[in-house]
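Chemist: Structure provided below as structure tokens; questions to follow.
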Amino acid sequence: MRDWSKSQWLGAFAFAIVLVVTSPSLFAWQEVLKERTIEGVPGITETRWQLERPRGDARDRIQVHRYRGDGEARAALLYLPGMHMNGYLPGRRGDVIYVNPTEDHNLWLFLAKRGVEVFTLDYRSHFVPVEPADHAYMREWTLDRYVDDAKEALSLVRGESGRAQVFVAGFSMGVTLAYGVVNVASAEELAGLIVLDGSFKQPPGGRPFDRARATAMIQKLGRWSIDVAGGIGWDNRQQLMEAVINDPTQPRDDRPGETVGERLTRLLSRSGPGMWANAGVHSDVQMLAALLIGYDRYFPSMVGLEGRGISFLEDDPDTTIDDAFGQSDVPVIYFGATGFGSQALLSGIYSSARLGTRDVTIHVQEGWGHLEVLVANRARQEIYEPILAWLDAHAPDKKE
């Protein structure tokens with residue numbers, strides 16, 4: 001073994017530091033898909049970037065998609081999906097196309113065709129294989145880490161769009177992350193917050209949540225991930241979604257007298273009538289299947305648990321992502337569905353009102369289910385168009 005002098009060790013250490021700082025492959029955004037027109041979606045292009053996160057194996061990475069139209073951009077938006085969701089267009093699983101969405105049932109396309117650069121995030125869990133495995137590594141995928149990932153995505157959006165201030169939107173669990181980003185980012189980075197049926201804090205007086213007990217149970221059972229397939233199994237779930245997309249009226253092979261569309265409608269009602277959707281009333285079951293088929297199978301249990309835990313505390317002592325809550329001047333627009341439950345609706349309104357800003361806009365969708373905020377038959381008129389008008393009213397005048 002060679003003996004190095006102190007000066008040699010210091011020189012080697014300094015060189016290593018320079019290598020880490022300057023190497024483009026170490027925790028720097030990499031363009032993995034050059035801008036191209038999206039197949040089946042004329043007039044809209046997509047670009048993708050990936051970023052390795054600390055630890056740096058194949059699962060510790062995030063990805064951002066940019067969707068934009070042909071004309072000059074008027075604003076930039078970072079969209080944070082809900083639990084199990086990702087940044088790919090609905091009707092697709094990765095680059096496999098089952099059906100192409102339209103601007104009547106997809107907010108991203110609606111905005112992109114009208115001059116908004118839409119950036120959507122794939123969480124670390126998007127890169128987890130669908131095959132069952134030991135997910136103990138997910139214990140390190142915490143709410144703080146997911147918020148930090150989203151903050152990195154915000155930096156990419158600002159850089160690629162050339163805008164000092166950009167909008168942040170979230171749906172469901174993505175709302176919790178969006179509030180986290182607003183709390184840790186500077187006001188100079190943000191133009192506004194769009195909340196789609198989610199919350200950050202609950203009103204005082206609710207039933208307390210025993211986070212320590214819930215964490216202990218996860219540890220005891222080793223359930224570090226949440227499986228969206230539930231009891232029906234992953235393959236059966238995906239086959240059902242594909243069958244509904246192809247023809248919702250076709251009969252089920254294993255249950256005479258029920259169609260595949262009726263089965264999906266029934267599954268979406270298991271948590272309560274109209275909680276997730278009201279297919280045939282406010283939404284189309286094929287549009288719901290197109291949204292659901294692209295879901296990631298697994299989502300880290302700790303992110304969901306900590307998101308719930310932080311909502312019950314005025315200031316969670318175990319994290320800094322809510323330290324600035326109540327002090328923000330960032331404008332907010334909220335859309336909430338009554339079908340998702342009164343507590344969820346009240347928490348959503350409470351969080352928006354308590355953010356700190358006086359510029360708060362509230363929309364309540366009577367009778368809508370949770371998913372219908374995204375794909376209802378009238379989503380364009382009651383969600384997308386009001387968002388576009390609000391963006392125009394709050395968009396910064398110019399780029400950097």
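Readers should treat all values here as calculations from the given coordinates under stated rules, not as data from a laboratory. The structure presented is a predicted model; accordingly, all values stated were derived computationally and were not measured. So basically every Cβ, Gly included, is an ideal-geometry build from the backbone, and we count neighbours across all protein chains shown.
Chemist: Run the dipole for the chain about the Cα centre, Lys and Arg Cβ at +1, Asp and Glu Cβ at -1, nothing else charged, and hand back the magnitude in debye, nearest 20.
Modeler: Here the size comes out at about 500 debye.
Chemist: What FRET efficiency comes out for the pair Glu314/Ala136, r = Cβ-Cβ distance, R0 = 35 Å, nearest 0.05?
Modeler: Computed FRET efficiency for Glu314 and Ala136: 0.60.
Chemist: Let me ask something else about it. I'd like the trypsin sites (Lys or Arg not before Pro) in the range 217-275 restricted to DSSP loop residues with at most 16 other Cβ atoms within 10 Å, sorted by number.
Modeler: When the trypsin sites (Lys or Arg not before Pro) of the range 217-275 are filtered for loop state and at most 16 Cβ neighbours within 10 Å, Arg223, Arg252, Arg270 remain.
Chemist: How large is ³J(HN,Hα), in whole Hz, for each residue of the range 70-79 in order, when computed from phi with the Karplus curve 6.51 cos²θ - 1.76 cosθ + 1.60 and θ = phi - 60°, using x for Gly and Pro?
Modeler: Karplus-based 3J(HN,Hα) across the range 70-79 equals 7, x, 5, 6, 10, 6, 10, 9, 9, 10 Hz.
Chemist: Under 5 Å between amide H atoms, partner at least 5 residues away or on a different chain: which partners does Ala75 have, H built in plane at 1.01 Å?
Modeler: Close amide H contacts, sequence-distant or interchain: Glu117.
Chemist: At what distance in nm do the modelled label points of Val364 and Ala187 sit from each other, each positioned 7 Å from its Cα along Cα→Cβ?
Modeler: 3.0
Chemist: Ok, one more. Going toward the positive end of the dipole of the range 230-292, with +1 on Lys and Arg Cβ and -1 on Asp and Glu Cβ, which of Thr259, Ser283, Gly230 do you reach last?
Modeler: Comparing the listed Cα positions along the dipole, Gly230 ranks first.
Chemist: Still on this structure, please answer the following. With a/c under 1.5 counting as rounded, go ahead and sort the range 230-292 into rounded, prolate or oblate using the C-alpha gyration tensor (a ≥ b ≥ c being the square roots of the eigenvalues; past the cut-off, prolate if a/b is larger than b/c, else oblate).
Modeler: In terms of gyration-tensor shape, rounded.
Chemist: For Val32 and Asp104, what is the calculated FRET efficiency with R₀ set at 35 Å and r taken between the beta-carbons, to the nearest 0.05?
Modeler: After rounding, the FRET efficiency stands at 0.70.
Chemist: Per residue of the range 83-100, what does 6.51 cos²θ - 1.76 cosθ + 1.60 with θ = phi - 60° give for ³J(HN,Hα)? Whole Hz please, x for Gly and Pro, Karplus curve as stated.
Modeler: Result, ordered by residue: 4, 6, 8, 8, x, 7, 4, x, x, 10, 10, x, 9, 7, 9, 9, 7, 8 Hz.
Chemist: Find how much the distance from Ser269 to Ile97 grows on full extension, using 0.36 nm per residue of separation minus their present alpha carbon separation; answer in nm with one decimal.
Modeler: Contour length minus Cα-Cα distance gives 59.2 nm.
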